[in-house]
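Q: My questions all concern the structure below.
Here, each number is a calculation from the coordinates, and none is a lab measurement. This structure is a prediction, so every number in the text was calculated from the model and none was measured. Note that we place each Cβ from the backbone using ideal geometry, even for glycine, and neighbour counts take in every protein chain shown.
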Amino acid sequence: MQLLVGYVEFVSNGDITIFKLSGLDQAYASYTRMATLSHWIRKIMQARNSGDLLIYVKADDDAAHYEIRYGIQSDEGQPPPEWAQRVTTKVKSAMLVQGLTPGKTYEFQARILSKSQSQVTDWSDSVTFMPT
């Protein structure tokens, strides 16, 4: 059931009228749309296993593929000296990033490769998240 609720929340994308069409009851009196964290990153959340995160990227009709990069933020708050990258062609489900160090703050950025222009966008603003 929890999987179904999560799917309905994802598909409704913050629109309470779409959510109510599912027949599920609203858990809270007020339902607010979650703000996008950066231009391309919609949401980051802890996955089931320690050190694993789910990254949700904003869909774009012109995207040939989506790219995420991430790395451990320095103690001084500087960008990561080394980045790891993940690429996908779909964003209907989250990108699973595994093997992160719990308790360390990571920076995430995303970009897309456009189908029509065959160009890569600039990296999005950084989003930080600490996995548990």
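Q: Taking the stretch 62-82, which residues are within 17 Å of the chain's Cα centre (by Cα) and not aliphatic (A, V, I, L, M)?
A: His65, Tyr66, Glu67, Arg69, Tyr70, Gly71
Q: Would you please list the contacts, defined by Cβ atoms under 7 Å and residues six or more apart or on different chains, that run from a residue in the stretch 62-83 that is charged (D, E, K, R) to a residue that is part of a loop (DSSP other than H, G, I, E, B)?
A: So the pair list comes out as Asp62/Lys115; Asp62/Ser116; Arg69/Trp83.
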